[in-house]
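Notes follow once the structure below has been shown.
The values are calculated or read from the model by the stated rules, or taken from the named source; none is laboratory data. Remember, predicted model here, so these are calculated numbers, not experimental data. With ideal geometry, Cβ positions are generated from the backbone for all residues, glycine too; neighbour counts draw on all protein chains shown.
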Amino acid sequence: MSSITYLEAIREAQAHALRDDPRVFIYGQDVGAFGGAFKATKNLAKEFPGRVLDSPISEDAMVGLAVGAAIEGMRPIIEMQFADFSTVGFNQIVNQASTLFWRTKVSCPITVRLPFGGTSGSGPFHSQCLEAIYAHYPGLVVLTPATVEDAYSMLLSAVAINDPVIFCEHKLLYYHLKAEKLPSEALPIGKARIAREGRDLTVVTYSAMVHEALVAATELATEGWEIEIVDLRSVKPLDTDTIVASVARTGRLLCVGEAWPWGGVTAEVIARVTSEGYGLLDAPPQRLNAKDTPVPYHPNLWAAHRPTAHSIAAAARNLLRQ
Amino acid sequence: MSSITYLEAIREAQAHALRDDPRVFIYGQDVGAFGGAFKATKNLAKEFPGRVLDSPISEDAMVGLAVGAAIEGMRPIIEMQFADFSTVGFNQIVNQASTLFWRTKVSCPITVRLPFGGTSGSGPFHSQCLEAIYAHYPGLVVLTPATVEDAYSMLLSAVAINDPVIFCEHKLLYYHLKAEKLPSEALPIGKARIAREGRDLTVVTYSAMVHEALVAATELATEGWEIEIVDLRSVKPLDTDTIVASVARTGRLLCVGEAWPWGGVTAEVIARVTSEGYGLLDAPPQRLNAKDTPVPYHPNLWAAHRPTAHSIAAAARNLLRQ
Amino acid sequence: MLQSATHPHAKSPIGAAPDLPLAAYRFMLRARLLDDKFAALYRAGKIHGGVFLGRGQEALSAAIGVSIQETDVFAPLIRDAAGRLAFGETIVDAVRTYLGSALGPMRGRDGNVHRGRPQAGYLPMISHLGAMVSVVNGVLFARRMKGSSGMVGVACLGEGATSTGSFHEALNQAAVEKLPLVLVVANNQYAYSTPNDRQFACADLSAKAAGYGIEAHPVVGNDLSACLEVVGRAVGRARAGHGPQLIVASLLRLCGHGEHDDAGYIVPELKNSPLGRDCLKLAEKFLLAKHFTNTAQIAAWRGEAIREIEDAVAQVQREPTPDPFTEDWSALATEHLVEGYE
Amino acid sequence: MLQSATHPHAKSPIGAAPDLPLAAYRFMLRARLLDDKFAALYRAGKIHGGVFLGRGQEALSAAIGVSIQETDVFAPLIRDAAGRLAFGETIVDAVRTYLGSALGPMRGRDGNVHRGRPQAGYLPMISHLGAMVSVVNGVLFARRMKGSSGMVGVACLGEGATSTGSFHEALNQAAVEKLPLVLVVANNQYAYSTPNDRQFACADLSAKAAGYGIEAHPVVGNDLSACLEVVGRAVGRARAGHGPQLIVASLLRLCGHGEHDDAGYIVPELKNSPLGRDCLKLAEKFLLAKHFTNTAQIAAWRGEAIREIEDAVAQVQREPTPDPFTEDWSALATEHLVEGYE
Ligand SMILES: Cc1ncc(C[n+]2csc(CCOP(=O)(O)OP(=O)(O)O)c2C)c(N)n1
Ligand SMILES: Cc1ncc(C[n+]2csc(CCOP(=O)(O)OP(=O)(O)O)c2C)c(N)n1
Ligand SMILES: [Mg+2]
Ligand SMILES: [Mg+2]
């Protein structure tokens, strides 16, 4: 394979997991012969007969079934057709899966794949970022890979982890993001990654916003600013150490997320940094999130609703001036 | 009435709303002749025939019906039997009700009453604090009254507001919290309240935790510390001005919440204060939340799971020493 | 919806009997041509996001639209272009939503099939399948509370949506409240790519009605007269106070799930079966055989519709798109409760 | 569950025929006495939180328990003390959970009816009604995937829970997968205070089965022999590969929703109807009439059970309660992913 996309990496990780571990199976709408709405399970039903199964349109029962199978030692992967639809399977995730181990000592190794995040023209119900909703609940691990390599290695880890994992895969990265090859090793889950080094300001972000931040950093570099970018990779657990260490170097913190502004990842990061690394900041920490409305359909509105390289650069400039 | 409880205030507010506004009706499990699991609708079915109705055990359809009725200009009050069960009506709240006005200009004046929060012996599924979950979504107003007076006046406001309101009423306050009489006027929704004045440290909190904080403040007063307590009343919108003004006076911030620690109200408050009122702090802002596990059943564990006057006082002392 | 003198069938010279099928047919035709246009615009890259068509389902959808009235409630789904037009939606509104015009009912905030005017009893779907049914219940419930009677509410779903918890809760709720809900399930044999045998295990979805204590109406969904008769009857039963009615129509979708999908999964057996026959052609044949109309008239209608669609597209393409700078970035109706985050 | 030589019925001198009813009866009796004890402890303020009893529903519940095997799956609900005991739960475990012993299966983390041992196919309910059914599906699905066969899974619900979306999705899922699920609906006429006419509109909940393409088994729920026969048959059908089975038992709960509730809403017509008769007394009468046992034997069993319950309570009251200082405050199985918040 000369190059591989983020989406193909997700498919490959699932193929790998199915190949290596007989306990793995995939269950979701249209994941079987059709290969999934995004083709993330293309050919897998054929390659692994009886282990990649179409479900009815029953998100609650999909997750419930996965929990039951996990009790029996299986490692189900549930594909939600869009993250947005996980709200109808919500109860089984946040009350059934997430409490099982704590209540019974029986672990619940399920992976719920959420194709998430905004893409142009997708509108309020096919664009949502729900990582903060899941991260608030105890008992869940919430992953948000930003690169092809992480999509692959973190999905493999997700399946291997003995806890329910909410795997947030960004639809905007599916086709466009490419890598030369799949990684053979990876940072452990729970470790953030320095996506770009810099000494003037730290941008903490994750998923698709890492790429917006990288573009902003390149732009700011032409103005003489060196921006450090921390890619969280995992929003729960959150790698406070790496964040604080970066802020210790730069003295300035801008948190960027594509989710809605109230609460969420950016608030949590700021709360941690200011509680634990207060003296390190030379200026007030700042946040940049999506606007506090549903995600709009029209590309004009959509582009203004979410942070972009442009708005990140502007926020960074403001902060650098303080 | 010589004195009135928090629960009675909620009942009275509903009676008042039903009396004054023919558009109001109540729909929920056992709210009719039985008067509700907590008796918050006691006698209302008799007093207002045909307007206080038992629903099937169908939280999704309960909220859906309310939205439809709101489109027709009604002002339904939905009682969830416990906040915890709103997870099965979740989708209709966060995708149907919360988006209606934004999408169509037709407002959605529904009130969803969530009897919430921990009480001893109630366990993981009858104790949850879900305010942060709802506050993260655009299009919802999330209220958390801490006093009998606020329970009354804020519920009246909730019904009058032209948007969906998540009304978080704390079960621990239902029977024990009492007032002499119902208020005739009240702070507007969106305004926080200084529950106690002080100059050494600001505790920002809400709902039942206000009372734990008050006890802690009394204790700390004997040690010579004057603790200011901000009762948020509304967690969305959040009254940043009142918080920042208090922190400006005290220089120290401790945020206390009964919800789980990742994200949520306390993170949001700290993110706002440090972004907008950074120079005001003389010490790192601190948080105190519940532990990151489901809410335990056993009273011993439960008492240790949530913040208490004792742990609040300890955290405040630590912070005062910095 | 049949209304006023401007309605096409009002001009029909053939008398009372053919009115309804002719009216329905004209909506079918307009919907088909509108869908064709959307497909063309999609292929030309002129539409952002997905395009979802009702090809093959127009008879059922139009039958619904002409069987209800302006004062009724209608919650169409993704394959209901015909029903929408028949209920009174203008072609311009449909085009505006697909092209994201700021002047459309959704003002570019929502798109494609997510359109409606709730004030007019025309409910704009959210994507979550099954979720609209209880909203229809709520409208009916409120109207009854306010003293209205004689109205009905129609909610449309695919057979795949019968697997949702929402469908079940709402249908049961309607039955308990004895609401005049008509739930129309278009069983087009697939939910996206998923065939019926992976979706449900009963032989016929009408068998569900008994479990809710409501009445069932199976119908062949590509037969316009059958649809008109059965939908008419079900709507009549609901209107007369007999509680919720479940219509289950058997048909086949003659397109992909969306225009991005070639529907390669639809088995030839079904395509070649009676279900695979195009309802529009069947309706034409029927109307011609009955001498309710003639080919010249049909050609004229087609021409009219095409002109109207082209005009609408041309008009909408000149309309303003939403402007992020003047956009009101607020999800609340209550202005003073809106938070600023910048 | 009938197992091994230590099982009470093994000592029965009367031969094969009475074994099952006698075994079931003894579980009913033990459950009733255990429930009585919980009620007494509740009144004495010795139990934190609610107490939920199965009074009046023991015949159905015990019939389930004795009709399945250790290798089956069981997801009881709040009124299934009898079924739990019959499936192998010890009285000590039940008492431990109610009293919050650190040694109980839930270690004081969860309480009262929220107990089980998932490793043993005995699933601990979460409170959200209907949510356990698809979990049973998952266990059965996984076992089948791993090559097991011949097992069944029983999920218990009240009639109120049939209004949940979870119930519907799970039952349909089981039907599509043709899983050996036995779904037992105890229609005790009320969901908390809500009477059936506010809960559903079909005459008989068994009518739901056809809509899922599964088999239905109505039964009079306070008649032990009827329950044994019908549950036995349904379990047999599921075990033999005939897919999901829906049992609908008609009965009346002879207590409040919980012990805090005086059930004043239950109408006298129902209390005085055949449904209002106490299944335990009816079972006793039946067993005596058949000469399967005698009053002395019953008195002895009763005495034994009371002693066992009293001993359990005495033992558990001496057991450690959970200690917040040594408690592992972590919700994850994966230690290195646990976050510290202090
Ligand atoms: C709750 C939910 N889950 C998943 C989806 C994604 N989805 C959109 S349409 C569709 C298939 C619908 O099939 P059906 O109900 O038969 O309608 P049809 O498209 O055949 O008309 C799916 C799975 C959704 N919209 N809502
Ligand atoms: C989804 C959900 N909503 C509400 C409740 C609160 N609740 C607990 S038991 C109960 C009544 C249950 O009635 P039914 O299913 O008939 O069982 P029964 O108590 O009669 O045995 C209710 C409403 C719940 N547990 N789950
Ligand atoms: Mg379909
Ligand atoms: Mg019941």
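Assorted remarks:
- Identity of the residue in the stretch D:1-59, closer than 25 Å to D:GLY221 by Cα, modelled with pLDDT under 95 and among the aliphatic types (A, V, I, L, M), that ends up surrounded by the most Cβ atoms within 10 Å (Cβ to Cβ): D:MET1
- Any hit, the stretch D:299-319, residues being in a loop (DSSP other than H, G, I, E, B) and at pLDDT 95 or above: yes
- Close Cβ contacts (under 8 Å, 6 or more residues apart or on different chains) running from residues in the stretch D:35-55 that are away from every other protein chain (no Cβ under 14 Å) and among the acidic types (Asp, Glu) to residues that are part of a helix (DSSP H, G or I) and more than 16 Å from ligand 1 (Cβ to nearest atom) comprise D:ASP35/D:ALA81.
- Hits in the stretch D:193-233 (condition: within 15 Å of ligand 4 (Cβ to nearest atom), touching a residue at least 40 places away in the same chain (Cβ under 8 Å) and in contact with a helix residue (DSSP H, G or I) (Cβ under 7 Å, 6 or more places away or on another chain)): D:GLN199, D:PHE200, D:LEU205, D:GLY221, D:ASN222
- The combined condition, being under 28 Å from A:LEU130 (Cα atoms), surrounded by fewer than 24 Cβ atoms within 10 Å (Cβ to Cβ) and not charged (D, E, K, R), is not fulfilled by B:PHE48.
- Residue satisfying all of: in the stretch A:266-285; surrounded by fewer than 24 Cβ atoms within 10 Å (Cβ to Cβ) and within 7 Å of chain B (Cβ to nearest Cβ); farthest from B:ARG287 (Cα to Cα) among these: A:PRO284
- First in the stretch A:73-87 and within 9 Å of another protein chain (Cβ to nearest Cβ), second anywhere and within 16 Å of ligand 2 (Cβ to nearest atom), Cβ under 6 Å, 6 or more apart: A:PHE85/A:GLU59; A:THR87/B:PHE90; A:THR87/B:ASN91
- Only listed residue being within 14 Å of chain D (Cβ to nearest Cβ), more than 16 Å from ligand 4 (Cβ to nearest atom) and on the phi > 0 side of the Ramachandran plot, chosen from C:GLY130, C:GLY160: C:GLY130
- The strands (runs of 3 or more DSSP E) found entirely in the stretch A:231-319 that carry 1 or more residues being without any contact (Cβ under 8 Å) to a residue 40 or more places away in the chain and either over 28 Å from A:ALA186 (Cβ atoms) or touching a Lys or Arg at 6+ places or on another chain (Cβ under 7 Å) (or both) are A:286-288.
- Residues within the stretch B:1-60 that are acidic (Asp, Glu), more than 19 Å from the chain's Cα centre (by Cα) and part of a helix (DSSP H, G or I), tallied: 4
- Matching residues, the stretch A:11-38, being more than 15 Å from C:ALA191 (Cα to Cα) and within 15 Å of ligand 1 (Cβ to nearest atom): A:TYR27, A:PHE38
- Scanning the stretch C:93-114 for residues that are more than 7 Å from chain B (Cβ to nearest Cβ) and within 16 Å of ligand 1 (Cβ to nearest atom) gives C:GLY111, C:ASN112, C:VAL113, C:HIS114.
- Meets criteria (of a type outside the set (Lys, Arg) and surrounded by fewer than 24 Cβ atoms within 10 Å (Cβ to Cβ)) for B:ASP30: no
- Among the residues making up the stretch B:155-188, those that are touching a Lys or Arg at 6+ places or on another chain (Cβ under 8 Å), buried (at least 20 other Cβ atoms within 10 Å of the Cβ) and not in a helix (DSSP H, G or I) are B:PHE167, B:GLU169.
- Flag if B:GLY139 is outside any helix (DSSP H, G or I) and either under 16 Å from the mean Cα position of the chain (by Cα) or within 22 Å of C:LEU332 (Cβ to Cβ) (or both): yes
- Enumeration of residues in the stretch D:177-192 that are touching a strand residue (DSSP E or B) at 6+ places or on another chain (Cβ under 9 Å) and more than 10 Å from ligand 4 (Cβ to nearest atom): D:GLU177, D:LEU179, D:PRO180, D:LEU181, D:VAL182, D:LEU183, D:VAL184
- Selected residue [more than 9 Å from every other protein chain (Cβ to nearest Cβ) and either within 24 Å of A:ALA97 (Cβ to Cβ) or modelled with pLDDT of 95 or more (or both)] from D:ASN188, D:ASN137, D:ASN172: D:ASN188
- Qualifying helices (runs of 4 or more DSSP H) (wholly inside the stretch D:62-162; at least 3 residues being of a type in the set (Phe, Trp, Tyr)): none
- Index of the failed condition, B:TYR297 passing every other in (1) more than 16 Å from A:ALA271 (Cβ to Cβ); (2) surrounded by 20 or more Cβ atoms within 10 Å (Cβ to Cβ); (3) within 21 Å of the chain's Cα centre (by Cα); (4) of a type outside the set (A, V, I, L, M, F, W, C): (3)
- Test: residue in the stretch A:93-112 that is within 16 Å of ligand 3 (Cβ to nearest atom), more than 7 Å from every other protein chain (Cβ to nearest Cβ), assigned to a loop (DSSP other than H, G, I, E, B) and within 24 Å of A:ILE133 (Cα to Cα): no
- Failed item, numbered, when B:GLY123 is tested on (1) touching an Asp or Glu at 6+ places or on another chain (Cβ under 6 Å); (2) of a type outside the set (A, V, I, L, M); (3) under 27 Å from B:GLU268 (Cβ atoms): (3)
Yes/no per residue for (1) in contact (Cβ under 8 Å) with a residue 24 or more places away in the chain; (2) buried (at least 22 other Cβ atoms within 10 Å of the Cβ); (3) farther than 20 Å from D:GLN57 by Cβ:
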residue	(1), (2), (3)
D:GLY83	yes, yes, no
D:ARG107	yes, yes, yes
D:GLY111	yes, yes, yes
D:MET145	no, no, yes
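- Test for C:GLY221: is it more than 30 Å from C:LYS290 (Cβ to Cβ) and more than 10 Å from every other protein chain (Cβ to nearest Cβ): no
- Applying the criterion of at least 3 residues that are under 26 Å from B:VAL63 (Cα atoms) to the strands (runs of 3 or more DSSP E) found wholly in the stretch C:169-280 leaves C:181-187, C:245-250.
- Test result for A:GLU219, among the acidic types (Asp, Glu), in the same structural domain as A:GLN92 (by TED's automatic domain parsing) and either part of a helix (DSSP H, G or I) or buried (at least 20 other Cβ atoms within 10 Å of the Cβ) (or both): no
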